[in-house]
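Chemist: Can you read through this structure? Questions will come right after.
Rule-based calculations on the coordinates, nothing more; no lab input. Predicted model, so just to flag it, every value in this text is computed and none were measured. Cβ atoms come from the backbone with ideal geometry, glycine included; neighbour counts cover every protein chain shown.
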Amino acid sequence: MITLAYTPFIDALPLHDGWYLLIVPMTIFLAIGYKGVRCTHLNRYPRELAIFIVQILGVIALLAIAFLILINYLVPLLAPMPT
Amino acid sequence: MASPQSTDFNPLAGLAALVFPGLGHLVLGRTKRAVLVCIGVMGLFLFGLLAGGIDAIDDRNDKIWFYGQALVGAPTLVVNYIHQNHFKAADPNNPGIIRSGYPGEHRVVQNGQAVWQPLTEAQIASGMGPPNVPGLGRINEIAMLSIVLAGMLNLIVFLDALMPSPEKTPRPSKAEGGNA
């Protein structure tokens with residue numbers, strides 16, 4: 001019998017409210033692989049890896065803040081909704 | 001196997017990189033980089049599967065995404081084969097359409113062809129249903145994106161294995177007595 005219980009790697013993760021948290025592990029894996037190829041000296045790998053992860057997550061966070069301000073404050077100023 | 005410092009055009013390493021992530025750098029003798037690349041690419045790949053389930057790889061319904069995902073190599077092709085042949089079945093009203101199961105359906109094989117069959121209320125209550133729950137919305141997007149990123153990363157890895165960049169040793173810093 002096939003049941004509806006969650007099966008890892010088969011069913012989708014029931015994490016609809018916290019989907020944005022998935023960006024963090026994705027960024028870490030991306031940085032590990034990218035710096036594994038592009039890092040010129042492997043003895044500098046941990047430092048370059050940490051900087052790259054912080055850069056990606058920092059830019060995403062800044063973009064999130066910028067869009068939050070745009071949608072919640074600037075767009076209502078430009079096109080006010082009727083109350 | 002090439003020497004660790006080899007920077008010659010290496011089609012064997014390029015081919016190996018396309019078969020499995022990190023294999024190209026292993027052929028080049030760059031074991032550390034091979035391990036890091038394998039962790040990065042396969043980490044993204046498995047993370048995408050963990051988030052979106054097997055439905056995150058689908059060459060029928062998400063064809064454009066699949067082209068990017070296929071750059072991971074054999075893992076994507078194997079998972080797609082399993083998805084198409086063991087998790088999908090024919091629509092009972094239109095056998096020409098092969099699709100994922102809806103809630104309240106059950107996959108059965110009749111005369112060698114898999115078909116979706118509706119379940120009774122009692123069967124649904126007992127926990128029966130389709131073999132997988134497809135990802136929807138943001139979760140599905142993140143899952144497919146993660147596997148596409150794995151493919152794009154593997155493309156960079158493939159190019160680096162095909163035309164290896166030279167391994168450099170770091171310059172000694174001033175504190176170590178080097179000339180800056």
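Chemist: Under a GNM of chain B (C-alpha, springs under 10 Å), which listed residue has the highest mean-square fluctuation: B:141, B:167, B:105?
Modeler: B:167
Chemist: Say a paramagnetic label sat at a point 7 Å from the Cα of residue B:97, along Cα to Cβ; which residues of the range B:28-56 have their backbone N under 15 Å from it?
Modeler: Label zone hits: none.
Chemist: Still on this structure: Diagonalise the Cα gyration tensor of the protein assembly as shown and give the resulting equivalent ellipsoid semi-axes, square root of 5 times each eigenvalue, largest first, whole Å.
Modeler: Computed over the protein assembly as shown, the values are 41, 28, 14 Å.
Chemist: Given only helices, namely DSSP H runs of n ≥ 4 each adding -39500 (n - 2.57), what is the per-residue ellipticity at 222 nm of chain B, to the nearest 500 deg cm²/dmol?
Modeler: One gets -15000 deg cm²/dmol as the mean residue ellipticity at 222 nm.
Chemist: Highest first, please rank the peptides B:47-58, B:124-135, B:20-31 by the mean number of other Cβ atoms sitting within 10 Å of their residues.
Modeler: Going by the mean number of other Cβ atoms within 10 Å, highest first, we get B:47-58, B:20-31, B:124-135.
Chemist: Which translational diffusion coefficient, to the nearest whole µm²/s, is obtained for the range B:88-131 from the Stokes-Einstein equation, given a Kirkwood hydrodynamic radius over C-alpha pairs, 37 °C and 0.692 mPa s?
Modeler: For these conditions, the coefficient is 314 µm²/s.
Chemist: Only helical DSSP H runs with n ≥ 4 go in: add -39500 (n - 2.57) per run for chain A, normalise by residue count and round the 222 nm mean residue ellipticity to 500 deg cm²/dmol.
Modeler: Helix contribution divided over all residues of chain A: -17500 deg cm²/dmol.
Chemist: Could you give the length gained by full extension between residue A:47 and residue A:16, i.e. 0.36 nm per residue of separation minus their alpha carbon distance, to one decimal place?
Modeler: Extra length from residue A:47 to residue A:16 when fully extended: 7.8 nm.
Chemist: What is the calculated FRET efficiency for residue B:67 to residue B:32, with r their C-beta to C-beta distance and R₀ = 45 Å, to the nearest 0.05?
Modeler: Efficiency for this residue pair is about 0.90.
Chemist: Evaluate peptide B:53-63: per residue, the Cβ atoms of other protein chains within 10 Å of its Cβ; return the mean as an integer.
Modeler: Mean number of neighbouring Cβ atoms from other chains: 2.
Chemist: Out of all DSSP beta bridges in chain B, what portion is antiparallel? Express it as a percent rounded to 5.
Modeler: Just about 90 percent of them are antiparallel.
Chemist: List the relative contact order of chain B as a percent without decimals, with contacts defined as Cα pairs under 8 Å and 6+ residues apart.
Modeler: In percent, rounded to a whole number, it is 32.
Chemist: Separate question: With label points built 7 Å along Cα→Cβ from the Cα atoms of residue B:125 and residue A:7, find their separation and express it in nm.
Modeler: Those two pseudo-labels are separated by 2.5 nm.
Chemist: Here is a further query. For peptide B:134-146, how many partner chain Cβ atoms fall within 10 Å of a residue's Cβ, on average?
Modeler: 4
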